[in-house]
Amino acid sequence: MDLKSKVVGGVVAAAVALVATWEGRSLVAYLDPVGIPTICDGYTHGVKMGDTATPEKCDELTSEEVKKALAVVDESVPRQLPDGARVALASFVYNVGAGAYSGSTLLRKLRAGDIVGACRELPRWVYAGGRKLRGLVRRRNAEMKICLQ
């Protein structure tokens, strides 16, 4: 394995760990705070109430989705971001989705080269279904700290 592969693997592993810390894991589908059927570590694509998953399946889904989120981050800016920013922003995109990220002030600041300003946008993203959620406040503060490292 070459150095670049090791670095990418390390960023993915760190982002998976961050996502897992904040999402929590459920092997049985549940409704998230805004009523979306969810399973594993916040996975929502095609999930129906009554679905179940194994821990191994959850690991696979989370890793695949984190890699997709990281690709969204990496492809959204013209230059390589520091690893801390990539980890934090992959966690953020995993949680809010590529669509919300793509239209954000956070991304506009990133593209302008203002990484610090972009990282400081994270704490604004603490609402779900119009309600401020304490878990999101804590998650965004943790993401911001990692992003600023």
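Derivation of every value follows stated rules applied to the coordinates shown; laboratory data play no part. Treat the numbers as computed from the prediction; the structure is a model and nothing was measured.
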Exercise. Enumerate the calculated ³J(HN,Hα) couplings along the stretch 66-77 in order (Karplus 6.51 cos²θ - 1.76 cosθ + 1.60, θ = phi - 60°), each rounded to whole Hz, writing x wherever the residue is Gly or Pro.
Key: 5, 4, 5, 5, 5, 5, 4, 4, 4, 7, 8, 10
Quiz item: For helix 134-148, what angle does its Cα long axis make with the longest principal axis of the chain, in degrees from 0 to 90 and rounded to 10?
Solution: 30 degrees
Quiz prompt | Listed pairs LYS57/LYS145; LYS67/LYS132; LYS67/LYS109; LYS48/LYS68; LYS67/LYS145 exceeding 25 Å between Cα atoms | solution = LYS57/LYS145; LYS67/LYS132
Practice problem: Round to a whole angstrom and tell me the spacing of the C-alpha centers of the stretch 113-139 and the stretch 63-95. | Solution: 16 Å
Practice problem: Using only the Cα atoms of the stretch 48-89, build the gyration tensor, take square roots of its eigenvalues as a ≥ b ≥ c, and label the shape rounded, prolate or oblate: rounded if a/c is under 1.5, else prolate if a/b is larger than b/c, else oblate. | Solution: prolate
